[in-house]
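Below is one structure, written out as structure tokens; comments come after it.
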Amino acid sequence: MEFFKSSSKGKVALVASNKPDAYVLERAKKFNVPTFTFSKKEMEAGLIEEKLKQEKIDWVILAGFLLKIPESLTRSFPDRMVNIHPALLPKYGGKGMYGAHVHQAVKEAGDKETGITIHLVNEHYDEGKIIFQAATSVSAEDTPETIAEKVHALEHRYFPQVIDSLL
Ligand SMILES: Nc1nc2c(c(=O)[nH]1)N[C@@H](CN(C=O)c1ccc(C(=O)N[C@@H](CCC(=O)O)C(=O)O)cc1)CN2
Ligand SMILES: NCC(=O)N[C@@H]1O[C@H](COP(=O)([O-])[O-])[C@@H](O)[C@H]1O
């Protein structure tokens with residue numbers, strides 16, 4: 001929202017979440033961005049498709065969204081739905097691989113690097129076309145928490161720029 005508030009290429013037109021207490025909804029209010037909350041059942045009943053068409057949304061950007069997007073919704077936004085994953089796919093992707101679970105797996109594997117992947121969204125978890133990746137080193141002294149800090153820094157640095165490059 002900060003990045004796009006003065007953009008001539010696009011704007012954050014709606015913030016939607018299935019978690020009514022998600023802090024991003026508070027952030028959206030400060031940027032005067034409309035918000036929309038929904039349940040998993042409503043998503044699976046097609047309520048999101050209706051809302052996004054009503055609001056004339058062009059792109060759907062997933063950031064920490066933790067439910068499987070139904071195929072009907074992914075097909076409504078062909079090559080226009082983007083997700084950010086906190087690892088270097090195809091490593092550490094798929095069901096169960098989200099948030100701290102990913103960084104824990106990287107630590108337990110003893111990997112020397114991790115990173116972020118920005119990809120198009122299809123009907124499967126984390127299997128869409130990869131658009132961008134950035135890596136960071138992992139040392140033996142790193143913990144899942146310090147790994148998360150490094151990954152979050154990459155996300156905050158690159159996600160807006162990559163989205164901007166797609167518009
Ligand atoms: N159709 C798609 N939907 C989603 C994708 C995708 O690529 N295709 N990406 C995810 C984001 N994600 C990884 O980047 C991801 C998020 C959550 C899970 C997961 O295992 N979720 C749990 C439920 C967690 C909860 O309810 O709190 C589960 O399915 O059991 C895996 C990957 C967003 N949607
Ligand atoms: N597989 C999906 C996944 O793990 N997404 C991750 O959830 C976090 C949300 O952080 P935040 O809500 O605290 O900004 C982000 O690190 C994002 O990569």
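The values are calculated or read from the model by the stated rules, or taken from the named source; none is laboratory data. Predicted model, so just to flag it, every value in this text is computed and none were measured. A quick note on method: Cβ atoms are made from the backbone with ideal geometry, for glycine too, and the neighbour counts reach across all protein chains shown. For accessibility, only protein heavy atoms count, side chains too; no ligands or nucleic acids. Shrake-Rupley method; radii C 1.70, N 1.55, O 1.52, S 1.80 Å.
Give the residue, chosen from 107, 95, that is among the basic types (Lys, Arg) and touching an Asp or Glu at 6+ places or on another chain (Cβ under 8 Å). The match here is 107. Of the residues making up region 90-116, those that are surrounded by fewer than 20 Cβ atoms within 10 Å (Cβ to Cβ) and within 11 Å of ligand 1 (Cβ to nearest atom) number 8.
State whether the residues of region 40-56 include one that is within 17 Å of residue 166 (Cβ to Cβ) and polar (S, T, N, Q). Within region 40-56 (the criterion being within 17 Å of residue 166 (Cβ to Cβ) and polar (S, T, N, Q)), the answer is no, since none of the residues qualifies. Restricting the search to helices (runs of 4 or more DSSP H) fully inside region 1-80 and requiring at least 3 residues that are at pLDDT 95 or above, open to solvent by less than 80 Å² (accessible area, probe 1.4 Å) and on the phi > 0 side of the Ramachandran plot gives an empty result. A count restricted to region 121-143 and to residues that are more than 21 Å from residue 162 (Cα to Cα) and buried (at least 16 other Cβ atoms within 10 Å of the Cβ) stands at 2.
From 81, 43, which residue is more than 19 Å from residue 131 (Cα to Cα), touching a residue at least 12 places away in the same chain (Cβ under 8 Å) and within 14 Å of ligand 1 (Cβ to nearest atom)?
Residue meeting the stated conditions: 43.
Among the candidates 102, 60, the residue that is farther than 26 Å from residue 36 by Cα and within 15 Å of the chain's Cα centre (by Cα) is uniquely 102. Give the residues of region 151-166 that are surrounded by fewer than 16 Cβ atoms within 10 Å (Cβ to Cβ) and in contact with a helix residue (DSSP H, G or I) (Cβ under 9 Å, 6 or more places away or on another chain), sorted by residue number. Within region 151-166, 161, 164 meet the criteria.
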